[in-house]
1. For the chain, state what percent of all Cα-Cα pairs lands in each successive 10 Å bin, counting from 0 Å until the bin that includes the largest distance.
2. Can you tell me the length gained on complete extension of the stretch residue 134 to residue 26, counting 0.36 nm per residue apart and subtracting the Cα distance?
3. Please get the size of the charge dipole for segment 176-226, origin at its Cα centre, with Cβ charges of +1 on Lys and Arg and -1 on Asp and Glu, quoted in debye to the nearest 20.
4. Go through segment 76-89 residue by residue and turn each phi into a ³J(HN,Hα) via Karplus (6.51, -1.76, 1.60, θ = phi - 60°); whole Hz please, and just put x for glycine and proline.
5. At 25 °C and a viscosity of 0.890 mPa s, what translational diffusion coefficient does Stokes-Einstein give for segment 134-226, taking Rh as the Kirkwood radius over Cα pairs? Give it in µm²/s as a whole number.
6. How much net charge surrounds residue 102 when only other residues with a Cβ under 11 Å from its Cβ are counted (Lys, Arg +1; Asp, Glu -1)?
7. About the Cα centre of the chain, how large is the charge dipole given +1 on each Lys and Arg Cβ and -1 on each Asp and Glu Cβ? Please answer in debye to the nearest 20.
8. Restrict the search to segment 123-214; then list the trypsin sites (Lys or Arg not before Pro) that DSSP places in a loop and that have at most 12 other Cβ atoms within 10 Å of their Cβ.
Amino acid sequence: MKEFLCAILILAFAFLSQPARAEAPDPDPGRFADPIGTFVEWDSKNSFPEGALLFVGSSSVRLWPTATAFPGKPVINRGFGGSELSDVVHYFDQVIRPYSPRKIFLYAGDNDIGYGKSAGQVFEDYKELAALVRASLPDTELIFISIKPSKARWERWSIMVDANRMVRDYAARYPELGYVDLATPLLDDDGMPKDVFLDDGLHLTEGGYLLWQEALAPFLDTGLGR
């Protein structure tokens, strides 16, 4: 028995002595200098609507024809493909603040987790962005569009679920924050991704965006999504 207890203690010590898993680093935001520069140049030459509905985030936003999906609405699309939440935070003064939007619809976290970040890292970046919005745009609502399931990243879906849960629970505590579940419409009755993805298994088809459009439409003019 004594030898057994010693062995257990040795194993426990070895486990506790293991270094914590390193967090995935933020990528260099400078890789988006060109698309961000294009946004800034366009804004310098054009006006944008007051009380706008701003869509911002990664390629799922960039590829979404939001103006067509929501006709007659003051929509601005500032998606830049491949971006992570840390990139949206970095470019806050270029892709969010100038528009003083009424609502921000944020889709991010997909690439973050796809490239190795944890749910906790996504959540911390989300809280940083929420703090920026709260401080700079106190009358603006920030609505997080849930990270979507996809065929290409199905093995990381459980991590995405955790990140979605963290954001949802946090947003429920603040009146200016919201959460909209656009993941469930993409899953079939067996909880697997529907056939609404392009050949890359990651980006949505027109049918996939139609599901998003139908689910999100009620939240454009009314209360926050929770």
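Each value in this text was obtained by applying a stated rule to the coordinates, not by laboratory testing. Bear in mind that the values here come from a model prediction, so they are computed numbers and not experimental data. Virtual Cβ from ideal backbone geometry, glycine too; neighbours counted across all protein chains shown.
1. Final binned percentages: 7, 32, 34, 15, 6, 4, 2, 0.
2. Gain on extension, residue 134 to residue 26, equals 36.6 nm.
3. Here segment 176-226 has a charge dipole of around 220 debye.
4. Here the 3J(HN,Hα) series is 10, 10, 10, x, 9, x, x, 6, 10, 4, 4, 6, 4, 4 Hz.
5. 172
6. Charge balance in the 11 Å sphere: -2.
7. Computed about the Cα centre, the dipole is about 360 debye.
8. When the trypsin sites (Lys or Arg not before Pro) of segment 123-214 are filtered for loop state and at most 12 Cβ neighbours within 10 Å, 173 remain.
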